[in-house]
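Only the coordinates and a few stated rules stand behind these numbers; no lab work does. Fair warning: this is a prediction, and the values are worked out from it, not measured in the lab. All Cβ positions, glycine included, derive from the backbone under ideal geometry; neighbour counts span all protein chains shown.
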């Protein structure tokens, strides 16, 4: 469907995208409280926690950063940064997909880069009409940004007041959030094998390596599988290339 389709159908899809974006923003904000509380438990103060959400603004990377810091202290800093960077790199791939959808000039693209996350990408690409795709992206990104930062502040203040929030089991929220993001992707054999392989590698190495390093090693499993798959597909397509001299391109 394009914006030249039935205007009423496009309007209906725009309204649906708006509702979906607001709902996703509300749901995502709910576990921003957990991040704020876990961050102060890991040693960051309320100000540092809020700045992290404002500037990094990618929940998976933020949870990875404070999780590694909590496990290994200041000595785990480089591993924490590397883990967060690996998880955040996926947003660059999302940017390739959503760039044609957001439109606008430099500043609009700059803002879009900030708001390109799992949720805004998912809601926008779920639409078919270009106007609904743009609405889904901006509404979702803005709703998540505002909600996430507000609940980060609330969680940080709550955690600062209660002391060690790990005693309340809030540290399980990070694992639950990751599982929630991962579960819908486990529909084919390859993602399941990669997830199991990465989990086994991390579990085996955790008793022997500093905090954060097992996470990086587990990420190598996914990179290796992806590279192998890409090389295999490239070789397969190369074998079908026309032979030079028979009229095909070299």
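Computed over the Cα atoms of region 1-56, pair by distinct pair, the Kirkwood hydrodynamic radius stands at 14.0 angstrom.
R0 = 22 Å: FRET efficiency of residue 146 with residue 47, Cβ-based, nearest 0.05?
Numbers: r = 19 Å, r/R0 = 0.86.
It comes to 0.70.
Fewest Cβ neighbours within 10 Å first, please rank 117, 196, 96, 154 accordingly.
Exposure proxy ranking, most exposed first: 96, 196, 154, 117.
By other beta-carbon atoms within 10 Å, ranking 63, 137, 106 with the fewest at the front produces 106, 63, 137. If I take R0 = 41 Å and measure r between the Cβ atoms of residue 110 and residue 6 in this structure, what FRET efficiency does the formula 1/(1 + (r/R0)^6) give, to the nearest 0.05? In this case the efficiency is close to 0.75.
Taken along the Cα-to-beta-carbon direction at a fixed 7 Å, the label points for residue 161 and residue 128 span 4.9 nm. With both labels modelled 7 Å from their Cα along Cα-to-Cβ, the residue 23 to residue 208 distance reads 4.7 nm. Among 28, 140, the order by Cβ neighbours within 10 angstrom, fewest to most, reads 28, 140.
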